[in-house]
Structures are given as structure tokens and as C-alpha cells.
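Bear in mind these aren't lab numbers, they're just calculated from the coordinates by the rules spelled out. These numbers come from a predicted model, not from an experiment. Virtual Cβ from ideal backbone geometry, glycine too; neighbours counted across all protein chains shown.
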Amino acid sequence: MTARRKLLHLYETFLIDCDGVLWHGDLPISGASRAIKTLQAYKKQLIFVSNNCGKTVDQIQWKLKTLLNINDIPKKNIITSGVSTAIYLKSKMKVDSEKVFLIAQDAFKETLSDHGIQSFGVGPVAMRDSHDWTNFELDKSVKYVIASHDPHFSYTKLTEAYLYLQENNAEFIAPDCDNLFSVSGSRRVPGSLSVQAALSAVLEKEPKIMGKPDPFLFELIQREHGKLSPDTTVMIGDNYKTDIKFGFNCGISTALVLTGNSKPEHISSFERKPDFVLDGLGDICDNDLENL
Ligand SMILES: [Mg+2]
């Protein structure tokens, strides 16, 4: 039986990563739209699971519509590491009086705000020198520091985050630990891990990870959609260290696609192999469905 037939035959629920599987930035990946439509034609349950906290659920839903012409994915079938972080924070912080220092992009601030969580730190900041730090007054309400991909990341942000973690004893949180992300089929650039590593190096402490590969996201998916049978659920992603390990951690099957982060030359070094390796999501297209 071919990988395509096996996937369609064995599984009812498909957890699908987005970046590097469906698109690179704003460019759709060939075959992805047709593959999703094939899965829909076979009445499969589709849940999109992204470690990209730089996009809101609305923005991912919009990309599915505009880039892939997939119009009928409800918001509850899209979950991001930004959402899981917000849910985690909301379960433990005093939202009226506590704040988050946020190293991230605008969309993450929006996701937190949608959950009633106050944060600051997004966007460019003026450089501060040693004298400025001597007199810098910490906001005592900051109890959490989140470190993720931020195009404005700087020594000034690093120092401010460090001070909140050290002097306020704030909790160190990361929505994802992706080392690299794909901006095209061949080019990858540093991801959230590069920002966290700078903080971890001075703190000698690792952040709590809220996205894949931590199974917390799977717990949230099951809270929303009911218990998923591990035997009929498969995680499809382009990153071995996050997507495939997430599948391993959740006890579900895994399919690695080679259109993004993990490359064919990496496969031999994997200590445990994914159940399937596909050239791309398009491998599961149904060629009989001519008009999809
Ligand atoms: Mg990906």
C-alpha cells in the first residue's frame, strides 16, 4: 500500500502544521491546497497546529482562504502556540494586576489581549546604556517574560527581560523552541530559540515551552474536540524536532514532509524515524478528484 493510501485508510484525524507544510510566508506550497481538499473529500477531521505565535488564528484562517482557497475551516480547528500560551497564562495569572514582558511580534500581543492578558515590549525600543540600566525602574507587576521570534530583538530587550526574570522572579516562558523557520523552499532563518538561547545563557535556566513538541497543545485540542484516538490520529509537519517529536510525545502517528525545516540528509540521524516521510503534503492528493 502506498503512503498516500495508508494515510487515507488508517487515519481519521489529521493534525497539520502550517509553515513549511502549507506555505512559505505568503507563497503556497505546490499541492497543499489539493491535499487539504482531498482530505476534506474523504471527510477527515482537520486541525491546524502551528508553532507560529506571530500569526493570530484569524490570520491563519485568512491565509487558508486566500492562499489555498480553503474556505470552511472553523477557528476552533486552528490552534497556535500563541493561543496555548495565552490559555496557560490565564489559568494562573491575576489578569487585572499582573503583566507580561513580551519579546514577540504584534500578533502575539493581540492574541494575549484577546484573552484579557496585559503585555508590553513589542516593537522597536531605544538603545539604553549602562547608566540607563543603573536607574531603570522595573514594573513590579511583570510576573512573566515571554521570549519568541522578534524582528526588533536587541541587547536592550535582552537586558530588560533578564532584569524581570532575575529581580521580579518572573516566570520564563516560550511559545515555541523552533531553531529555524523556512522563508522559502531553500532558505531558513533563526527562530524563537535564538532569542531564548540568549536569555538562557545568562540565566542558566530553560523556558517553559508552550508549543510543539510539548503535549500541552494536544491536551488543549482534546479539550476542544473530545478525546482523539491515538490509533487514528496523525501529525504532519516539516520540523522533526517540533512536529514529529510532538507526535511521539502524544503517542500518535507522524508524517514528515520535506518542504520545510527538515531536509532529506537529516533523516539518517533521527534516533526514531517518523512513520511516514513525504516529499510534500501534495503526496496525499487524490488524482481521481479532477475538479478539486
Ligand atoms: Mg512548520
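Residue count for the stretch 59-84 under the criterion of being out of contact with any strand residue (DSSP E or B) (no Cβ under 7 Å at 6 or more places or on another chain), in contact (Cβ under 8 Å) with a residue 60 or more places away in the chain and among the aliphatic types (A, V, I, L, M): the result is 1. Can you find even one residue in the stretch 138-153 that is over 27 Å from LEU64 (Cβ atoms), in contact (Cβ under 8 Å) with a residue 12 or more places away in the chain and polar (S, T, N, Q)? Yes: the stretch 138-153 contains one or more residues that are over 27 Å from LEU64 (Cβ atoms), in contact (Cβ under 8 Å) with a residue 12 or more places away in the chain and polar (S, T, N, Q). On the stretch given as the stretch 26-43, residues that are within 22 Å of the chain's Cα centre (by Cα) and among the charged types (D, E, K, R) total 1.
Selection over the stretch 56-84 of residues that are within 16 Å of the ligand (Cβ to nearest atom) and outside any helix (DSSP H, G or I) gives a count of 3. Here the condition is being crowded, with 23+ Cβ neighbours inside 10 Å, under 20 Å from the mean Cα position of the chain (by Cα), within 15 Å of the ligand (Cβ to nearest atom) and not polar (S, T, N, Q); of CYS53, CYS18, it holds for CYS53 alone.
Mind listing whichever residues of the stretch 254-272 are basic (Lys, Arg) and within 16 Å of the ligand (Cβ to nearest atom)?
If the condition is that a residue be basic (Lys, Arg) and within 16 Å of the ligand (Cβ to nearest atom), then LYS263 is the only one that fits.
For the stretch 232-279, filtering for residues that are surrounded by 22 or more Cβ atoms within 10 Å (Cβ to Cβ), out of contact with any Ser or Thr (no Cβ under 6 Å at 6 or more places or on another chain), among the β-branched types (Val, Ile, Thr) and part of a strand (DSSP E or B) leaves 3. I'd like to know if the stretch 198-217 contains one or more residues that are in a helix (DSSP H, G or I), surrounded by 13 or more Cβ atoms within 10 Å (Cβ to Cβ), β-branched (Val, Ile, Thr) and in contact (Cβ under 8 Å) with a residue 60 or more places away in the chain. The answer is no, given that none of the residues of the stretch 198-217 is in a helix (DSSP H, G or I), surrounded by 13 or more Cβ atoms within 10 Å (Cβ to Cβ), β-branched (Val, Ile, Thr) and in contact (Cβ under 8 Å) with a residue 60 or more places away in the chain. Screening GLY282 with (1) within 16 Å of the ligand (Cβ to nearest atom); (2) assigned to a loop (DSSP other than H, G, I, E, B); (3) surrounded by fewer than 23 Cβ atoms within 10 Å (Cβ to Cβ) gives one miss only, at (2).
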